[in-house]
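Engineer: Before I ask anything, let me first share the structure, which is written out below as structure tokens.
No value in this document is a laboratory result; all are computed from the given coordinates. Remember, predicted model here, so these are calculated numbers, not experimental data. Using ideal geometry, Cβ is built from the backbone for each residue, glycine included, and neighbour counts are taken over all protein chains shown.
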Amino acid sequence: MSLQSAVRSPYAAVLIVAALWLVCVPLFSIPPRYLPPLPAVIADGVSVWPDLAAGFWRTLVETVLGFLAGSLLGITFGIAFAASKTLERAFFPIFVALQTVPVIAFGAIVVIWFGNTILAKVVIALYLAFFPVAVNTLRGLEQADPQRIALMKSFGASRLTLFRKLLLPTAAPNILIGMKLAVALSLAGAVVGEWFGDTVGLGVMLLQALYFELIPRVWVLIIACGALGTLLYGALALLERRFVWWRPD
Amino acid sequence: MADLAQAQAGATMPGQPYMELVNVWKRFGEGDKQTVAVRNVDLAIQPGEFVTLIGPSGCGKSTLFNMIAGLLPSDSDGSILVKGKAQQDGALLGKVSFMPQRDLLFPWRTVLDNATLALEVEGMPKRLARQKAEALFPEFGLKGFEQHYPHQLSGGMRQRVALMRTFLFERDLILLDEPFGALDALTRSMMQRWLLDIWEKHRRTVLFITHDIDEAIFLGDKVVVMTARPGTIKCQETITLPRPRDVSVVTTPEFMEVKKKLLAVVEEESLKTFASATMRP
Amino acid sequence: MASGLNALRSALPVAAALLALLLLWQFGTTALDVPAYILPKPAEILATALGRIGFFGGELYVTLVEAVGGFLIGSVLGILLAVAMILLPVLEVMLMPLAMVINAVPSIAFVPLVLLWFGLGMSSKIAIGALAVVFVVLLNLLSGLKRPEAESINLLRSFGASRLGILWRLQLPAGMPALVTGLRVGLARSTIAVIVAEMMGAYSGIGQVIYQATAQVDSLTVWAAVFVASLGSLALYGVLVALDRKLVWWR
Ligand SMILES: Nc1ncnc2c1ncn2[C@@H]1O[C@H](COP(=O)(O)OP(=O)(O)O)[C@@H](O)[C@H]1O
Ligand SMILES: [Mg+2]
């Protein structure tokens, strides 16, 4: 049991996978076309360090800005839907449908609108983050137990108090689920947005690596994207532990 | 399986208890953090007897049940004997008809399929199991609800489904862990009379946990009182009230006398639990 | 009869809202004289899509085959892995670190690798689609299989149920809602991954159409392709919702 929980810690997981990588590549003589040896990948990463750091930072900024704006907008819309049945009945199904749109395709359109600015990537990341947060906020707000609502009303709670003291805490776990889905999508959106033309960013480097068939570089970028995703996800998990410490029933 | 159990039941020697607990212990954890849940329990249950077990909450009743059902190994100090034979760990799995404290109905199964769960696990074909269960529906007051899902039922009905599931799993010993604990007083007293009817008809050995003294006396041939944690048996009281019993028995002087006696004992133990809980830092 | 009436009643506000949005779009762009390269009118988009319906239909077909193929392979793999891990906890200890690390990387980052390994044809898209699904399904189903409390498992044990019996009668049904969530997230991810892979390198498919049209600043074709792709993934989503009703039939 304790071994199982130790293995489940992310640090252990990274170490184990790194060790496996180190051992298995020479052991099974895996061709570098599929998996180059870990030292080669690290060496390549070091050789492009300044670009890599700049790209990481740029993609991070795009993702975070888009994610935050998208989450805020998503929560606002979720609340609006929860507040107005008419609004929900008219627009929510459209939202669910829009959520299934292969949204990255809009990347092309957004780049036409905003050009090759950072704004274009932010907007794509925003668009992707928006739907899961809106949908999960609404679902969370709807989960509030009618009996508890009645109880609050019997205390004479106003709509605002009801919302702050009961509805929002009830919805918080769901909102965070939506945000966790959203942060991964934002990152994907930022990376893909960079493909439509830019000079800095992990996405740009990924595209270059593909064109020049630099396999170790591709692995460097996969690791960088994974680190970026994990960083953001970890920040959200911390937020969750801070604000949603109770267990939903 | 049922036939085999019957044959074994037939092999019980006259006067030999169906089940005996000899110096049964259960401790959880190690060292400082060790909790003794059950301590030195000795108990004999005769075939066909209805034994009720009463004690303050947290005293180890459910733990004792889990050991009797074979779900939890008892500590090596003592042993659990069935018809004089000691049972190894896990040997009792599938041999005792066990109803846990919560109904634990599966939300994805209809009432009918929840009732047949144990039979299906035994390997009985679904058709046969359903036929067998359907015959019991009127008796359990569930006629017409065969195709409903658990969330559509009231608390009393859910409990009856869980009871039916337990009864359909025909074993010599039935363990019922506070089956009526969550019901309102009216429903509970109806369910008690109904359970006695069913028991008179099927005559199986029953061990019944409750925290309600009236219930323990009304149902039991014998009331066993457990102490506060670590739980052990404080006293046993044979109930000689005539059967079949009905509601009026509750107001007879005999009933009152036993109740007075047990009340004093149980009160003392409950106070101990309460005191130790409030004194904790 | 009544259910038909109810369906109509709930469809009415949606249809009204949709119509209002489309009209606003149509007449807004006309009134403000927005050029087509910035925002074409919905009527123009529809006309473009319908005018070249054979072309768009063919490309959508390729994309759907890739997405569905990848989704199916990935889901089956994920389900098998989850079941194997629940039956053999050693397997979970061994494979979970790898699954967690790979799952932390956005699947689109693997697109270049997959293209280099499998070429520009359909197999690379199917591979990336499967990769995008497999871990979401695995992690969701595994947590779902672990959901039943010890008490329920004990109940079945007291009936004499075996490990497989417990899996079949309790853990699998209890894990269905989590599986459906995993499938839903996975489907969205695999469609996106497939389209992205098509954008990066492919002979055909909606993603390739979008990429080329963007390069030629042919915004009408881009919009029409997005429209067609949306119809396609909406259809897939509909299938999944139906599947949800089948797999989680109780409540
Ligand atoms: N698995 C376990 N690990 C540690 N302590 C336990 C465990 N199961 C029960 N206990 C402890 O044993 C005591 C008796 O529990 P239980 O048998 O459920 O009481 P009852 O059913 O009489 O209310 C409680 O104090 C409980 O905290
Ligand atoms: Mg208990």
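Engineer: Taking 0.36 nm per intervening residue step and subtracting the Cα-Cα distance, what contour gain separates C:ALA7 from C:ALA242 on full extension? The partial results should precede the final answer.
Structural biologist: On the way: separation 235, 0.36 × 235 = 84.60 nm, distance 1.58 nm.
Working it through step by step, the gained length comes to 83.0 nm.
Engineer: Cross-link partners among aspartates and glutamates for B:LYS132, C-alpha distance below 13 Å, same-chain residues fewer than 8 apart left out?
Structural biologist: Answer for B:LYS132, where 13 Å is the Cα cut-off: B:ASP113, B:GLU120, B:GLU146, B:GLU170, listed by chain and number.
Engineer: Show me, bin by bin at 10 Å from 0, the whole-percent P(r) of the range C:1-41 based on Cα pairs.
Structural biologist: 28, 30, 21, 15, 6
Engineer: Using alpha carbons only, how many degrees (0 to 90, rounded to 10) separate the axis of helix B:155-168 from the longest principal axis of chain B?
Structural biologist: 80 degrees
Engineer: When Rg is the radius of gyration of the Cα atoms in chain B and Rh is its Kirkwood radius, what does Rg/Rh come to?
Structural biologist: Working: Rg = 19.0 Å, Rh = 19.8 Å.
Radius of gyration over Kirkwood radius for chain B works out to 0.96.
Engineer: Oh, and also: Kindly give Rg over Rh for the range A:134-249, based on alpha-carbon atoms, with the Kirkwood expression for the hydrodynamic radius.
Structural biologist: Details: Rg = 20.8 Å, Rh = 17.1 Å.
Ratio value, two decimals: 1.22.
Engineer: Could you give P(r) for chain C, binned at 5 Å from zero, as whole percent values over all Cα-Cα pairs?
Structural biologist: 1, 6, 10, 13, 13, 13, 12, 11, 8, 6, 4, 2, 1, 0, 0, 0
Engineer: Let me ask something else about it. Quick one: Cα centre-to-centre distance for the range B:129-204 and the range B:227-276, in angstrom?
Structural biologist: 25 Å
Engineer: Oh, and also: For the pairs A:LYS121/A:LYS180; B:LYS61/B:LYS234; B:LYS26/B:LYS95; C:LYS146/C:LYS246; B:LYS95/B:LYS143, flag any whose C-alpha to C-alpha distance is greater than 24 Å. Intermediate values should be presented prior to the final figure.
Structural biologist: Values: A:LYS121/A:LYS180 19 Å; B:LYS61/B:LYS234 13 Å; B:LYS26/B:LYS95 21 Å; C:LYS146/C:LYS246 22 Å; B:LYS95/B:LYS143 29 Å.
With Cα atoms farther than 24 Å apart: B:LYS95/B:LYS143.
Engineer: Tell me, rounded to the nearest percent, the portion of alpha carbon pairs in the range B:204-281 spaced more than 19 Å apart.
Structural biologist: On the way: 1211 of 3003 pairs.
Here the long-distance tail beyond 19 Å is 40 percent of all Cα pairs in the range B:204-281.
Engineer: Using Cα-Cα distances under 8 Å and only pairs 6 or more residues apart, what relative contact order does chain A have, in percent? Could the numbers behind the result be given before it?
Structural biologist: Numbers: 284 pairs, mean separation 63.3, N = 249.
Computed value for chain A: 25 percent relative contact order.
Engineer: Same structure again: In terms of Cα to Cα distance under 18 Å, which aspartates and glutamates are near enough to B:LYS259, apart from those fewer than 8 places away along the same chain?
Structural biologist: Partners found: B:ASP212, B:ASP214, B:GLU215, B:ASP221, B:GLU237, B:ASP246, B:GLU267, B:GLU268, B:GLU269.
Engineer: Something else about it: Using only the Cα atoms of the range A:48-243, each taken as one equal point scatterer with no solvent, compute I(q) by the Debye sum, divide by I(0), and report log10 of the ratio at q = 0.10, 0.12, 0.18, 0.19 Å⁻¹.
Structural biologist: -0.48, -0.65, -1.14, -1.22
Engineer: Cα convex hull of the range B:75-170: how many Å³ per residue?
Structural biologist: Dividing the Cα hull volume of the range B:75-170 by its residues yields 127 Å³.
Engineer: How far is helix C:122-145 tilted off the main Cα axis of chain C, in degrees rounded to 10, range 0 to 90?
Structural biologist: Roughly 40 degrees, rounded to the nearest 10.
Engineer: If you don't mind, there's one more thing I want to ask. Looking at chain B as a GNM with Cα springs under 10 Å, which of B:PRO150, B:PRO244, B:PRO17 has the largest mean-square fluctuation?
Structural biologist: The residue with the greatest mean-square fluctuation here is B:PRO244.
Engineer: Compute a Gaussian network model of chain B, connecting alpha carbons closer than 10 Å, and tell me which residue from B:PHE98, B:PHE180, B:PHE145 fluctuates the most.
Structural biologist: Result: B:PHE145 has the largest fluctuation of those listed.
Engineer: Separate question: Output needed: percent of Cα pairs per 10 Å distance bin for the range C:35-93, bins running from 0 to the one holding the longest distance.
Structural biologist: P(r) over the range C:35-93, rounded to whole percents: 19, 22, 20, 16, 12, 10, 0.
Engineer: Within the range B:142-177, find all residues whose amide N lies under 19 Å from a label point positioned 7 Å from the Cα of B:LEU186 along Cα-to-beta-carbon.
Structural biologist: Inside the label zone: B:142, B:153-160.
Engineer: If you average the C-alpha positions of the range A:54-73 and of the range B:16-81 separately, how far apart do those two centres end up, in angstrom?
Structural biologist: Here the two parts' Cα centres lie 60 Å apart.
Engineer: Hey, in the GNM for chain A with a 10 angstrom Cα cutoff, which one of A:ALA90, A:ALA54, A:ALA227 fluctuates hardest?
Structural biologist: Sorting by GNM fluctuation, first place goes to A:ALA90.
Engineer: Quick one: compute the contact order of chain B, relative version, from alpha carbon pairs under 8 angstrom and 6+ residues apart, as a percent. Before the final figure, lay out the partial values.
Structural biologist: Numbers: 463 pairs, mean separation 68.7, N = 281.
Dividing the mean separation by the residue count of chain B yields 24 percent.
Engineer: How much mean residue ellipticity at 222 nm does chain C get from its helices, if each DSSP H run of length 4 or more adds -39500 (n - 2.57) and you divide by all residues, to the nearest 500 deg cm²/dmol?
Structural biologist: On the way: 11 runs with 205 residues, N = 251.
Rounded to the nearest 500, it is -28000 deg cm²/dmol.
Engineer: By a straight-distance test (C-alpha under 19 Å), which aspartates and glutamates pair with A:LYS85 as possible cross-link partners, with residues fewer than eight away in the same chain excluded?
Structural biologist: Partners found: A:GLU142, A:ASP145.
Engineer: Using the Cβ atoms and a cut-off under 13 Å, what net charge is assigned to the surroundings of A:PRO132, where Lys and Arg are +1 and Asp and Glu are -1?
Structural biologist: Numbers: positive: A:ARG139, A:LYS180, C:ARG184, C:ARG189; negative: none.
Taking every Cβ under 13 Å from that of A:PRO132, the sum is +4.
Engineer: Can you give me the Rg/Rh ratio for the protein assembly as shown, using Cα atoms for both radii and the Kirkwood formula for Rh? Display every interim value, and only then the final one.
Structural biologist: Numbers: Rg = 32.5 Å, Rh = 30.7 Å.
Radius of gyration over Kirkwood radius for the protein assembly as shown works out to 1.06.
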